[in-house]
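Since the structure comes first, as structure tokens, the remarks are kept for the end.
The values are calculated or read from the model by the stated rules, or taken from the named source; none is laboratory data. A quick note: this is a predicted structure, and the numbers were derived from the prediction, not measured. Cβ placement follows ideal geometry from the backbone for every residue including glycine, while neighbour counts extend to all protein chains displayed.
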Amino acid sequence: MTRSQTAILAAFLAGSLLLGGCATVTTNTSHTFQTVVVDAGHGGKDSGAYRRNAPPEKVVALDVALRVNRKLQESQLHTVLTRSNDTFIPLDSRVALGNQQKNSIFVSIHFNDSRRGAVQGVETYYYSPHAFDLASKIERNLATLPGTANRGVHTARFRVLRNAQYPSVLVECGYLSNRSSARAAADAGYREQLADKIAEAIVDYRYGDGVYRRTPAVLARAGSGGASFLPSFR
């Protein structure tokens, strides 16, 4: 563990004590996970952010999540979706489903909103220090998309983060309140790029840089488990 990671862990433990131990202690599966729980934010009666320049957050978040799911399966990772259609899933149910998956990580996909229309960019959140490196890798990947502002990696006490038994991150893929970002989010090609960057970060984080998009034989040698193939979403 590096000095910075040790400092993050110490701060996390101190914060948990101050809060009366109410946060879940996370098992570190960050470099061993075989399952990725892909969580599309909102759904059903909960539309999430909704601006007239783009579809509701629940729609674009689901689209990106399904694309990430497909790409991870193609990279021989087992995946579990918290929702695969326009269904409302309570936050506690999402966390419970994630916690049932042994040796896993949890990736929640969202789009952002602000009262200030000029605000734009991507940001990634984590709570457990074991999820910091993964959050950082996803953020760096997304920030390479043309015209995308890097708004950084931040800690947050979102329920899907603080109650997760395994490393959990929440990705904000852009601001629907920003006209340019909203137009991008409404474009299927751009959502495909978002999904590609997220999936690449997860696969390369688990197995090493450059593994993403390699042949099944290479992935098998990298130590991946079998995937349960679901219908592709295109």
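Of all residues in the range 14-27, which are surrounded by 14 or more Cβ atoms within 10 Å (Cβ to Cβ) and either at pLDDT 90 or above or not in a loop (DSSP other than H, G, I, E, B) (or both)?
Scanning the range 14-27 gives Ser16, Thr27.
Can you tell me how many residues in the range 123-147 are in contact with a Leu (Cβ under 8 Å, 6 or more places away or on another chain) and either in a loop (DSSP other than H, G, I, E, B) or within 12 Å of Ala201 (Cβ to Cβ) (or both)?
Within the range 123-147, residues that are in contact with a Leu (Cβ under 8 Å, 6 or more places away or on another chain) and either in a loop (DSSP other than H, G, I, E, B) or within 12 Å of Ala201 (Cβ to Cβ) (or both) number 5.
Quick one: which of Gly147, Gly189, Gly152, Gly226 is surrounded by fewer than 21 Cβ atoms within 10 Å (Cβ to Cβ), at pLDDT 95 or above and over 16 Å from the mean Cα position of the chain (by Cα)?
Going through Gly147, Gly189, Gly152, Gly226 in turn, just one is surrounded by fewer than 21 Cβ atoms within 10 Å (Cβ to Cβ), at pLDDT 95 or above and over 16 Å from the mean Cα position of the chain (by Cα): Gly189.
Scan the range 41-53 and tell me whether some residue there is in contact with a strand residue (DSSP E or B) (Cβ under 8 Å, 6 or more places away or on another chain), surrounded by 12 or more Cβ atoms within 10 Å (Cβ to Cβ), within 27 Å of Gly208 (Cα to Cα) and at pLDDT 95 or above. Before the answer, list the steps.
Residues of the range 41-53 in contact with a strand residue (DSSP E or B) (Cβ under 8 Å, 6 or more places away or on another chain): 41-42, 48-49.
Pick out the ones that are also surrounded by 12 or more Cβ atoms within 10 Å (Cβ to Cβ) and you get 41-42, 48-49.
With the extra rule that they be within 27 Å of Gly208 (Cα to Cα), the set shrinks to none.
For the range 41-53, residues in contact with a strand residue (DSSP E or B) (Cβ under 8 Å, 6 or more places away or on another chain), surrounded by 12 or more Cβ atoms within 10 Å (Cβ to Cβ), within 27 Å of Gly208 (Cα to Cα) and at pLDDT 95 or above: absent.
Restricting the search to the range 59-76, which residues are touching a Phe, Trp or Tyr at 6+ places or on another chain (Cβ under 7 Å) and in a helix (DSSP H, G or I)?
Listed by number, the residues that qualify are Val60, Ala61, Leu66, Arg67, Arg70, Gln73.
Output the residues belonging to the range 164-183 that are assigned to a helix (DSSP H, G or I) and either closer than 17 Å to Val68 by Cβ or of a type outside the set (Gly, Ala, Ser) (or both).
Matches in the range 164-183: Arg179, Arg183.
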